[in-house]
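Let me begin by presenting the structure, written as structure tokens, before commenting on it.
The values are calculated or read from the model by the stated rules, or taken from the named source; none is laboratory data. A quick note: this is a predicted structure, and the numbers were derived from the prediction, not measured. With ideal geometry, Cβ positions are generated from the backbone for all residues, glycine too; neighbour counts draw on all protein chains shown. Surface accessibility is based on the protein's heavy atoms, side chains included, excluding ligands, DNA and RNA. Shrake-Rupley method; radii C 1.70, N 1.55, O 1.52, S 1.80 Å.
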Amino acid sequence: MSLKTNAARILDQSKLHYELKEYTVDESDLSAISVAQKVGLPIEQVYKTLVARGDKTGVIVACIQGNRELHLKALATLSGNKKVEVVSLKEVQPLTGYIRGGVSPVGMKKQYPVFIDSDIKSQEKIAVSAGLRGLQLFLSPIDLISVTKAQLGEISTEL
């Protein structure tokens with residue numbers, strides 16, 4: 001597996017510190033909970049990246065803790081939309097360049113607006129996909145917010 005993904009290259013160019021952590025992929029379970037167990041982090045520190053479309057802004061990206069669910073109404077309000085829907089699975093790769101289970105908020109085909117749940121501020125270190133299944137980026141929340149130019153807000157609810 002090539003460890004230099006687009007996301008890692010962008011972090012290198014931005015001179016941001018990160019670690020790459022490989023794990024064995026189980027095609028039948030791509031959940032954040034499974035990833036957290038495999039990389040040895042609490043689920044609260046593993047963030048999943050979801051791609052959505054707003055009725056006014058078009059494609060937007062949301063990052064939330066792996067044990068939480070996206071609150072579509074809250075994301076719509078934060079992003080300046082009336083309505084937001086998660087894009088269909090078949091749209092994810094054409095929009096982002098990434099496949100399900102390997103979507104990173106860093107280094108997508110286009111720079112979409114990124115929204116991250118404000119809980120991220122309570123974490124010292126977090127993990128997001130590095131852009132491949134089986135590879136996570138460990139980095140500081142501040143660096144992720146900075147490199148994605150993310151806006152923070154309460155956009156998730158408990159499962």
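Overview of results
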| read-out | value |
| --- | --- |
| Antiparallel DSSP beta bridges within segment 17-159, as percent of all bridges there, nearest 5 | 75 |
| Ordering of 85-92, 139-146 by packing [mean C-beta count within 10 Å, highest first] | 139-146, 85-92 |
| Solvent-accessible surface ranking, highest first, for H17, H71 at 1.4 angstrom | H17, H71 |
| Net charge of Cβ neighbours under 12 Å - reference S140; Lys, Arg +1; Asp, Glu -1 | -1 |
| 3J(HN,Hα) from dihedral phi, segment 65-71, Karplus parametrisation 6.51/-1.76/1.60, rounded to Hz, x for glycine, proline | 4, x, 9, 10, 10, 5, 9 |
| Cα-based Lys pair tally, segment 3-96, threshold under 17 Å, eight or more apart or on separate chains | 10 |
| The chain, helix-only ellipticity at 222 nm - DSSP H runs n ≥ 4, -39,500 (n - 2.57), divided by all residues, nearest 500 | -6500 deg cm²/dmol |
| Centre separation in Å (Cα based) which lies between segment 20-61 and segment 71-107 | 12 |
| Reciprocal mean inverse distance between Cα atoms of segment 45-159 - Kirkwood radius, Å | 13.8 |
| Net charge of neighbours whose Cβ lies under 9 Å from the Cβ of I64, counting Lys and Arg as +1 and Asp and Glu as -1 | -1 |
| Amide H partners (placed H, <5 Å) of L16, local residues excluded | none |
| D55 - accessible surface, heavy atoms, 1.4 Å probe, Å² rounded to 10 | 90 |
| Cα principal axis extents for segment 1-100, largest first, Å | 39, 30, 25 |
| Among 23-32, 41-50, the order from most to least packed when residues are scored by Cβ within 10 Å on average | 41-50, 23-32 |
| Charge dipole of the chain about the Cα centre (unit charges at C-beta), most positive-ward option of L135, A32, A8 | A8 |
